[in-house]
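*Asks:* I'd like to ask you about the structure that follows.
The values are calculated or read from the model by the stated rules, or taken from the named source; none is laboratory data. Since we're looking at a predicted model, the values are computed, not measured. Cβ sites come from the backbone with ideal geometry, for glycine too, and all protein chains shown count toward neighbours. The area values use the complete protein model at the heavy-atom level, side chains included, leaving out ligands, DNA and RNA. Shrake-Rupley method; radii C 1.70, N 1.55, O 1.52, S 1.80 Å.
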Amino acid sequence: MKKVLIYYPPEKLGMSDFRKTDYTKLAERARTELNGKIPNFGNKVWLQGILSEISTPATEYEFGYDELSEDYINQTYDCVLLPLANCFHKAWIPYLEKRASHVRKLKIPVYVIACGVQAESYDELDSLAECVKEPATEFIKAVYNTGGEFALRGYFTQEFFNKLGFYDAVVTGCPSIYQMGRSLTISNDKVSKEEFIATINGTFKLPVTDKDIKNAEFICQDVYGKVLYDPEYFMSNPFTMKRILKYIKRGEYNFVRAVGDSRIRLFADTQQWLSYYVKNNISFSFGSRIHGSIMPILAGVPSLCFTMDARTREMTEFFDIPNVNPSDVSCKKDLYEWYLETDYSKFNEGFAKRFDDFESFLIKCGLVDRINQDNPFMTKDADFEMPEIVNAKHIEALHKKLSCSGVVLNCLDAYYRK
């Protein structure tokens, strides 16, 4: 049996805890550890993917991080799996320097999974490569010197590696999308407009009609977690127009409406997240978050990704996930129009080969004999239970303030449309 160290902080606000989520405890930990902020639970989907895929009788894994010495790691484990996402960016230079120094002392292979470049657009490749060249090169060399390998999330990141003189890294995409097995497909059959139910994610500033923005449920991964799950958020002078107008001035008018209408969902529990799409017969998802798009895909629901940065663009392009670039959108459409235009033919045609290529990478690294396709963390058939919102009473109060009097809503409408 191969003993694998997952080099990741095991207590990072439940990111590595896949039991049923206690949202009250989550809110308490967020408030005491991160000043009320909720972490990005898209990262949990990403981490869960690789854990599900290596959960085989031939592999045993444990979590550990900087508390472990290099000597202990060398003596205890057969290899290190380093799950990284946005590690090549100027903000990550101190991390790359620290990690390179650490990896140089390891005598077992280090495998870096799903890593990528963080940039606003593909146009930044040359400047970013020049900016992070030295620390990135040292980190990449340190990993290869252990006998390890890199799995890249897209071809934009591969271009970055090529610019630094590393030509052997494999592009595999993100492991999150492989965790429901090799046979994942998305139907191109369309429901009628009367049956159509859609969600949005990432931003309220999507190229869709105002009517759709006001009616669709918003799936949050982190940004509004403090509002939803911190019971003290509105305790001082709760729900004043001053606070509401603060959101509106930041362009978040639709957020205020969505909170008042109880149309914002945040799932820290991946099983609840998946089941939400299945049990509510969601027809379509549209938004700017990549894992906000991948989760409905795992549930069999077609997604359209609004690619607002290089990361989302390279991942959607690699997997042939339908996507639109903001610069290419000339007008707003209603969600049903976007849905009718969304075609998963290329995704379906290429998915099995991409799965096989990723499996070949894991086999080459000795991490699996075959990918586990029986996800131990979530299933489409599980009972669905909507998470309790800790802040529900306060949201109910805001809902009443916004909805019981047309005067308040009219004031908000007038302010927003000035």
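*Asks:* Suppose the filter is out of contact with any Gly (no Cβ under 9 Å at 6 or more places or on another chain), surrounded by fewer than 17 Cβ atoms within 10 Å (Cβ to Cβ) and not aromatic (Phe, Trp, Tyr); does Glu149 pass it?
*Replies:* no
*Asks:* Based on what the data block shows, is Thr76 open to solvent by 20 Å² or more (accessible area, probe 1.4 Å) and of a type outside the set (Gly, Ala, Ser)?
*Replies:* Taking the combined requirement at face value, the residue satisfies it.
*Asks:* Could you give every pair whose Cβ atoms fall below 6 Å, whose first residue belongs to the range 291-305 and is under 13 Å from Phe267 (Cβ atoms), and whose second residue is open to solvent by 10 Å² or more (accessible area, probe 1.4 Å) and part of a helix (DSSP H, G or I), counting only separations of at least 6 or pairs across chains?
*Replies:* Once the first residue is under 13 Å from Phe267 (Cβ atoms) and sits in the range 291-305, its partners that are open to solvent by 10 Å² or more (accessible area, probe 1.4 Å) and part of a helix (DSSP H, G or I) give Ala299/Val278.
*Asks:* Residue by residue through the range 271-290, note down the ones that are assigned to a helix (DSSP H, G or I), in contact with a Gly (Cβ under 9 Å, 6 or more places away or on another chain) and open to solvent by less than 10 Å² (accessible area, probe 1.4 Å). Before you say what the answer is, go through the steps one by one.
*Replies:* Our first condition is that a residue be assigned to a helix (DSSP H, G or I); within the range 271-290, this holds for 271-279, 290.
Applying the additional criterion that residues be in contact with a Gly (Cβ under 9 Å, 6 or more places away or on another chain) yields 277-278, 290.
Correct list: Tyr277, Ile290.
*Asks:* I'm checking my understanding of the structure. Among residues of the range 325-340 that are hydrophobic (A, V, I, L, M, F, W, C) and more than 23 Å from the chain's Cα centre (by Cα), which one is nearest to Met308 (Cα to Cα)?
*Replies:* Here the residue is Val329.
*Asks:* Taking the range 57-94 on its own, how many of its residues are under 25 Å from Asn43 (Cβ atoms), touching a strand residue (DSSP E or B) at 6+ places or on another chain (Cβ under 8 Å) and not in a strand (DSSP E or B)?
*Replies:* Taking the range 57-94 and keeping what is under 25 Å from Asn43 (Cβ atoms), we get 59-68, 73, 77, 79-94.
Imposing the further condition that a residue be touching a strand residue (DSSP E or B) at 6+ places or on another chain (Cβ under 8 Å) reduces the set to 59-65, 68, 73, 77, 79-89, 92.
When the remaining residues are screened for being not in a strand (DSSP E or B), the result is 65, 68, 73, 77, 84-85, 89, 92.
Number of matching residues: 8.
*Asks:* Next question. May I ask you to verify whether Lys332 is modelled with pLDDT under 95, surrounded by fewer than 23 Cβ atoms within 10 Å (Cβ to Cβ) and of a type in the set (Lys, Arg)?
*Replies:* Answer is yes for this residue.
*Asks:* Which of the residues spanning the range 24-49 are in a helix (DSSP H, G or I), open to solvent by less than 10 Å² (accessible area, probe 1.4 Å) and in contact with a Phe, Trp or Tyr (Cβ under 9 Å, 6 or more places away or on another chain)?
*Replies:* Ala27, Ala30, Lys44, Val45, Leu47, Gln48, Gly49
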